[in-house]
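K.L.:
Can you keep this structure in mind? I'll have questions shortly.
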Amino acid sequence: MMEDPWQKAYDFAVVVARKAGMEIKKASESEIKVRTKSSTADLVTKTDEKVEKIIITYIKEEFGADTHSFIGEESVANGKPCILTDKPTWIIDPVDGTNNFVHGFPFVAVSIAFAVKKELEFGVVYSCLEDKMYKARKGKGAFCNDKQIYVSDVRDIHKSIIMSEHGTDRSLEKVTKIISTIQRICCIPVDGLRNLGSAAINMCLVASGRVEAFFEIGIHCWDIAAGAVIVREAGGILLDVNGGPFNLMSRRLMSANNDVIAQRIIEEIEIFPVERDDVEK
């Protein structure tokens with residue numbers, strides 16, 4: 001039998017995610033210093049930068065400095081390219097839910113995905129304040145704390161709970177479309193519409209059957225790469241918000257337990273333009 005080339009990387013990602021989560025837990029118990037990125041609604045702490053550096057350093061020590069590529073939220077914010085190539089690539093969100101972290105809201109995750117030849121191979125999401133480790137490998141199922149998870153079997157939109165987020169672009173035009181979409185979905189009506197402030201955790205809730213769908217316009221590839229593998233391996237689907245194929249770099253996502261729920265929500269979404277992650281600056 002041929003050796004599985006990526007099992008070592010997958011196992012290592014779980015270990016590194018847990019170590020990174022420990023750093024976040026420690027930081028959450030001490031003073032948090034905040035500075036502002038491009039938006040006042042998009043806070044970043046020194047913890048983001050420290051945790052991303054820890055993750056990348058561990059990976060380079062384990063696999064070599066030049067064998068793999070990296071797309072990290074903080075690296076991109078500091079000018080590194082966000083281009084997915086055929087090279088083995090780690091896609092990292094060191095603190096998904098930074099605003100939650102800053103305010104002490106307990107949904108914060110380390111998100112680590114791995115892609116080869118532009119295809120996602122595995123994803124790990126550690127909801128560190130809950131101590132829940134979600135993970136999945138392509139073709140091998142999805143798990144939470146080593147118990148296999150599956151999407152919900154609900155097909156009646158009226159019995160569903162839908163997740164979405166307001167995003168960080170608070171321009172009147174985009175906020176108006178977001179609020180209009182929320183209003184339209186609430187009036188279907190659905191059982192509930194929720195947001196936790198972490199795309200990665202929202203997707204893991206879809207994967208574990210707790211909610212039926214999560215969609216958002218304006219997210220980034222590092223927010224959703226790991227969750228994308230976990231949703232698919234739990235039996236869910238990924239689409240563009242217009243119903244077309246999902247594209248990791250598009251900054252548009254519909255994730256759901258099945259096509260019936262997804263398509264019904266898509267009917268209500270007021271789409272607005274966003275610049276792709278892989279547009280070269």
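The values are calculated or read from the model by the stated rules, or taken from the named source; none is laboratory data. Keep in mind the model is a prediction, meaning the values are calculated, not measured. Don't worry about glycine lacking a Cβ; one is built from the backbone with ideal geometry, like all the others, and counts go over all protein chains shown. Remember, those area values only see protein heavy atoms, side chains included, never the ligands or the DNA or RNA. Shrake-Rupley method; radii C 1.70, N 1.55, O 1.52, S 1.80 Å.
K.L.:
Please report, as a whole percent, how much of the solvent-accessible surface of the chain comes from carbon and sulfur atoms (probe radius 1.4 Å).
P.N.:
C and S fraction of accessible area: 51 percent.
K.L.:
How much net charge surrounds Tyr150 when only the other residues with a Cβ under 15 Å from the Cβ of Tyr150 are counted, with Lys and Arg +1 and Asp and Glu -1?
P.N.:
Net charge in that neighbourhood comes out at +2.
K.L.:
Something else about it: What is the gain in length, in nm to one decimal, between Phe105 and Arg18 on full extension, counting 0.36 nm per residue of separation less the C-alpha to C-alpha distance?
P.N.:
Contour length minus Cα-Cα distance gives 29.4 nm.
K.L.:
Further question: Between Asp66 and Ile271, what length comes free when the chain is fully extended (0.36 nm per residue of separation minus the Cα-Cα distance, one decimal in nm)?
P.N.:
Taking Asp66 through Ile271 to full extension adds about 69.9 nm, to one decimal.
K.L.:
Taking the alpha carbon gyration tensor of the stretch 27-186, what are the square roots of 5 times its eigenvalues, largest first, to the nearest whole Å? Numbers along the way, then the final one.
P.N.:
Working: eigenvalues 149, 110, 63 Å².
The answer is 27, 23, 18 Å, longest axis first.
K.L.:
Provide the gained length on full extension for the span Glu280 to Glu119, in nm with one decimal, where the gain is 0.36 nm per separating residue minus the Cα-Cα distance.
P.N.:
Separation in residues times 0.36 nm, less the Cα-Cα distance, equals 55.9 nm.
K.L.:
Right, something else. Ignoring everything except DSSP H segments at least 4 long, calculate the 222 nm mean residue ellipticity for the chain; use -39,500 (n - 2.57) per segment, divide by total residues, nearest 500.
P.N.:
Theoretical 222 nm ellipticity from helices: -10500 deg cm²/dmol.
K.L.:
Near the amide H of Glu270, under 5 Å away, which other amide H atoms are found, from residues 5 or more places off or on another chain, if H is placed in the peptide plane?
P.N.:
Thr181
K.L.:
Past the 32 Å Cα-Cα mark, which pairs from Lys60/Lys177; Lys138/Lys174; Lys26/Lys118; Lys26/Lys159; Lys50/Lys147?
P.N.:
Details: Lys60/Lys177 42 Å; Lys138/Lys174 35 Å; Lys26/Lys118 35 Å; Lys26/Lys159 39 Å; Lys50/Lys147 30 Å.
Among Lys60/Lys177; Lys138/Lys174; Lys26/Lys118; Lys26/Lys159; Lys50/Lys147, the Cα-Cα distance tops 32 Å for Lys60/Lys177; Lys138/Lys174; Lys26/Lys118; Lys26/Lys159.
K.L.:
At a probe radius of 1.4 Å, what is the per-residue accessible area of Lys140, in Å² to the nearest 10?
P.N.:
So the heavy atoms of Lys140 present about 110 Å² to solvent.
K.L.:
Quick one: net charge around Leu253, please, counting Lys, Arg +1 and Asp, Glu -1 for every other residue with C-beta under 10 Å from its C-beta.
P.N.:
Surrounding charge for Leu253 is -1.
K.L.:
Quick one: Karplus J couplings for the stretch 55-63, per residue in order, coefficients 6.51, -1.76, 1.60, θ = phi - 60°, nearest Hz, x for Gly and Pro?
P.N.:
Taking θ as phi minus 60°, the curve returns 4, 5, 4, 4, 5, 5, 5, 7, 10 Hz for the stretch 55-63.
K.L.:
To continue, here is another question. Assuming R0 = 30 Å, can you tell me the calculated FRET efficiency for the pair Asp259 and Arg170, based on Cβ-Cβ distance, to the nearest 0.05?
P.N.:
Numbers: r = 32 Å, r/R0 = 1.07.
After rounding, the FRET efficiency stands at 0.40.
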